[in-house]
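Student: One structure is given below, represented as structure tokens, and several questions about it will come after.
The values are calculated or read from the model by the stated rules, or taken from the named source; none is laboratory data. Only a predicted model underlies this, so the values are computations on that prediction, with no experimental measurement involved. Heads up, the Cβs are rebuilt from the backbone with ideal geometry, glycines too, and the neighbour counts pull from every protein chain shown.
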Amino acid sequence: MKITDIKVIVASPGRNFVTVKVVTDEGLYGIGDATVNGREKAVVAYLQDHVAPCLIGRDPGRIEDIWQYLYKGAYWRRGPITMAAIAGIDMALWDIKAKAAIMPLYQLLGGRSRERVMVYKHVGGLDIAEVVDGVQALREQGLDAIRAQVSIPGLPPIYGTGPSTDQAAGGMVQALPTEEVWATHKYLPLVPKLFEALRDNVGWDVHLLHDVHHRLTPIEAARLGKDLEPFRLFWLEDAIPAELQDGFRIIRQHTTQPLAVGEIFNTVWDCQQLISEQLIDYIRVTSVHAGGVTGLKKIFDFASIYHVRSACHGPMDVSPVAMGCNIHVDVAIPNFGIQEYSGYTEATHDMFPCAWSYERGYLQPGEAPGHGVDIDEAVAEKYPYAPAYLPVARLEDGTLTSW
Ligand SMILES: [Mg+2]
């Protein structure tokens, strides 16, 4: 079998998606996700100009060799654009191999290690009462794990806390980045009150999660972790930026609060210290941003040695293709933790017919050969690329800050 064509399809059925289609001379083709939210066209150019010409005529079955060829062969290693381009190709190659074997992808990864994949969904609200109502509503829909975020009184809603984050049509995403306001001293005393109210109202039989969006310093995160200990959170996510992996040691010294990080990591090298020193409990890498199925497996296998569990990033801009790959990995690996799942717009589902399914808080990979996700190119043509960016954040005095 030989690769004869590599198409890159950009479409925006609510969010922009960059989708790779690898075509072979035997009629089989594979689909991959290469979306980097807000930087989509950089990956398109990388794939079209620098990757596709090198792969025409190659054997699509040599997945590891092609992964190494694109990773080592570029000389410029790692980074979100490179690794998303590699991911798009890698997912498509696994799709082709599993279709050729007439097996669902998880069978090639060693078969099932569990019967179903637990997900968490998000609830945001302008005040604590609104969040409590939202969490109760998701409990009634069968969710066993829920992420809760609340706006800070006196400040405008920030990303992840407004009620519209998970809504169709892009939520808070704008054509140019909006600017939000952040105040740590107003946030820190508020969060324990949120989780106290949640435990009082929804009890202890549900996993509650919270995302800090990289907004704290290590000692501030340590304080928050201690204050949240009585409410037994499943995890505290992205407490600090992780370029400086040592920072997590300070948090760890002060609190037993489980920690999660890694949704913007691209390789095992971005979390090598965090994992080998057991400074985190969940690693949040996702197939599209961490080198595809091959990249994800390398990271999760490494993490399994150190008691670190998987928790793939899964917002709306991780396309149904990457979500499908995540679910196949989730169901196969021994150290699965949880899968983030925001759901998709109806237009997104129309564009990506898929074999995986969601029901009452749990996902199934489906039994279709391959990863089970296709792209309807006629539908994609109806939704042209629309420039969109995530917001940026500033302190009350105007200083640009992390989020
Ligand atoms: Mg997050």
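Student: What's the number of the only condition in (1) out of contact with any strand residue (DSSP E or B) (no Cβ under 9 Å at 6 or more places or on another chain); (2) modelled with pLDDT of 95 or more; (3) hydrophobic (A, V, I, L, M, F, W, C) that Ala386 fails to meet?
Tutor: It fails just one condition, (2).
Condition check ((1) under 23 Å from Trp356 (Cα atoms); (2) polar (S, T, N, Q); (3) assigned to a strand (DSSP E or B)) across all residues:
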position	(1), (2), (3)
Val22	yes, no, yes
Ile31	yes, no, yes
Gly61	no, no, no
Gln68	no, yes, no
Tyr75	no, no, no
Arg78	no, no, no
Asp95	yes, no, no
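Student: I need the full set of residues from region 110-128 which are in contact (Cβ under 8 Å) with a residue 60 or more places away in the chain, among the aliphatic types (A, V, I, L, M) and surrounded by fewer than 19 Cβ atoms within 10 Å (Cβ to Cβ), in order please.
Tutor: Of the residues in region 110-128, the ones in contact (Cβ under 8 Å) with a residue 60 or more places away in the chain are 110-114, 116-122, 128.
Applying the additional criterion that residues be among the aliphatic types (A, V, I, L, M) yields 117-119, 128.
Across region 110-128, the qualifying residue is only Met118.
Student: For region 388-403, give me each residue that is in a loop (DSSP other than H, G, I, E, B) and over 27 Å from Asn326 (Cβ atoms). Can you show your working first?
Tutor: Narrowing region 388-403 to residues in a loop (DSSP other than H, G, I, E, B): 388, 390-391, 396-399, 402-403.
Those that are in a loop (DSSP other than H, G, I, E, B) and over 27 Å from Asn326 (Cβ atoms): Glu396, Asp397, Gly398, Thr399.
Student: If you don't mind, there's one more thing I want to ask. Go through region 179-198 and report how many residues are in contact with a helix residue (DSSP H, G or I) (Cβ under 8 Å, 6 or more places away or on another chain) and charged (D, E, K, R).
Tutor: 2
Student: I'd like the full set of residues that are of a type in the set (Gly, Ala, Ser) and either more than 15 Å from Val202 (Cβ to Cβ) or not assigned by TED's automatic domain parsing to the domain that holds Tyr344 (or both), limited to region 121-156. I'd like the intermediate steps shown before the answer.
Tutor: So the first thing to find is which residues in region 121-156 are of a type in the set (Gly, Ala, Ser), and the list is 124-125, 129, 134, 137, 142, 145, 148, 151, 154.
Those that are of a type in the set (Gly, Ala, Ser) and either more than 15 Å from Val202 (Cβ to Cβ) or not assigned by TED's automatic domain parsing to the domain that holds Tyr344 (or both): Gly124, Ser151, Gly154.
Student: All but one of (1) under 17 Å from Ile6 (Cα atoms); (2) within 25 Å of the chain's Cα centre (by Cα); (3) surrounded by fewer than 17 Cβ atoms within 10 Å (Cβ to Cβ) hold for Lys72; which doesn't?
Tutor: (1)
Student: Continuing with this model, one more query. Can you tell me which residue in region 320-339 is farthest from the ligand (Cβ to nearest atom), limited to those that are buried (at least 20 other Cβ atoms within 10 Å of the Cβ) and in a loop (DSSP other than H, G, I, E, B)? Write out each step before concluding.
Tutor: Just the residues of region 320-339 that are buried (at least 20 other Cβ atoms within 10 Å of the Cβ), to begin with: 320-333, 336-339.
This time we only want the ones that are in a loop (DSSP other than H, G, I, E, B), so: 333, 337-338.
Details: Ile333: 21, Gly337: 14, Ile338: 13 Å.
Ranking the candidates gives Ile333 first.
Student: Of everything in region 202-237, what is among the charged types (D, E, K, R) and touching a Leu at 6+ places or on another chain (Cβ under 9 Å)? Give them in sequence order.
Tutor: From region 202-237, those among the charged types (D, E, K, R) are 205, 211, 215, 220, 223, 226-227, 229, 232, 237; that's our starting set.
Answer for region 202-237, where residues must be among the charged types (D, E, K, R) and touching a Leu at 6+ places or on another chain (Cβ under 9 Å): Asp211, Glu220, Arg223, Asp227, Arg232, Glu237.
Student: Can you tell me which residues in region 254-269 are among the hydroxyl-bearing types (Ser, Thr, Tyr) and either surrounded by 21 or more Cβ atoms within 10 Å (Cβ to Cβ) or part of a helix (DSSP H, G or I) (or both)? Give the steps one after another, and end with the answer.
Tutor: So in region 254-269, the residues among the hydroxyl-bearing types (Ser, Thr, Tyr) come out as 255-256, 267.
Within region 254-269, just Thr267 meets the criteria.
Student: Here's something else I'd like to know. In region 270-304, what count of residues is obtained for those that are over 18 Å from Trp94 (Cβ atoms), away from the ligand (no atom under 16 Å from the Cβ) and either modelled with pLDDT under 95 or part of a loop (DSSP other than H, G, I, E, B) (or both)?
Tutor: Of all residues in region 270-304, those over 18 Å from Trp94 (Cβ atoms) come to 270-284, 302-304.
If we keep only those that are away from the ligand (no atom under 16 Å from the Cβ) too, we end up with 272-273, 275-279, 302-304.
Applying the additional criterion that residues be either modelled with pLDDT under 95 or part of a loop (DSSP other than H, G, I, E, B) (or both) yields 277-279.
Number of matching residues: 3.
Student: Which members of region 203-258 meet the condition of being of a type in the set (Asp, Glu) and more than 15 Å from the ligand (Cβ to nearest atom)?
Tutor: Asp205, Glu220, Asp227, Glu229, Glu243, Asp246
Student: So, one more: Those residues that are within 16 Å of the ligand (Cβ to nearest atom) and surrounded by 21 or more Cβ atoms within 10 Å (Cβ to Cβ), I need them from region 340-372; list them, please.
Tutor: Glu340, Tyr341
Student: Another question about this same structure. Is it the case, given these coordinates, that Asp65 is touching a strand residue (DSSP E or B) at 6+ places or on another chain (Cβ under 6 Å) and over 30 Å from Ala388 (Cβ atoms)?
Tutor: On the way: touching a strand residue (DSSP E or B) at 6+ places or on another chain (Cβ under 6 Å): no; over 30 Å from Ala388 (Cβ atoms): yes.
The answer is no for Asp65.
Student: Let me ask you something else. (1) over 18 Å from the mean Cα position of the chain (by Cα); (2) modelled with pLDDT of 95 or more; (3) at negative phi: which one isn't true of Pro157, the others all being true?
Tutor: Result: Pro157 fails condition (2) only.
Student: Taking the conditions exactly as written (in contact with a helix residue (DSSP H, G or I) (Cβ under 8 Å, 6 or more places away or on another chain) and outside the structural domain of Gly324 (by TED's automatic domain parsing)), does Tyr75 satisfy them or not?
Tutor: Values: in contact with a helix residue (DSSP H, G or I) (Cβ under 8 Å, 6 or more places away or on another chain): no; outside the structural domain of Gly324 (by TED's automatic domain parsing): yes.
No: the conditions fail for Tyr75.
Student: Residue by residue through region 305-319, note down the ones that are more than 16 Å from the ligand (Cβ to nearest atom) and buried (at least 24 other Cβ atoms within 10 Å of the Cβ).
Tutor: Hits for region 305-319 are Val308, Ser319.
Student: Looking at region 36-59 only, could you name the residues that are within 14 Å of Val22 (Cα to Cα) and in contact with a Lys or Arg (Cβ under 9 Å, 6 or more places away or on another chain)?
Tutor: Ala52, Ile56, Gly57, Arg58, Asp59
Student: Could you tell me which residue of region 356-397 is farthest from Tyr282 (Cα to Cα), considering only residues that are in the same structural domain as Glu263 (by TED's automatic domain parsing) and without any contact (Cβ under 8 Å) to a residue 60 or more places away in the chain?
Tutor: Top of the filtered list is Asp397.
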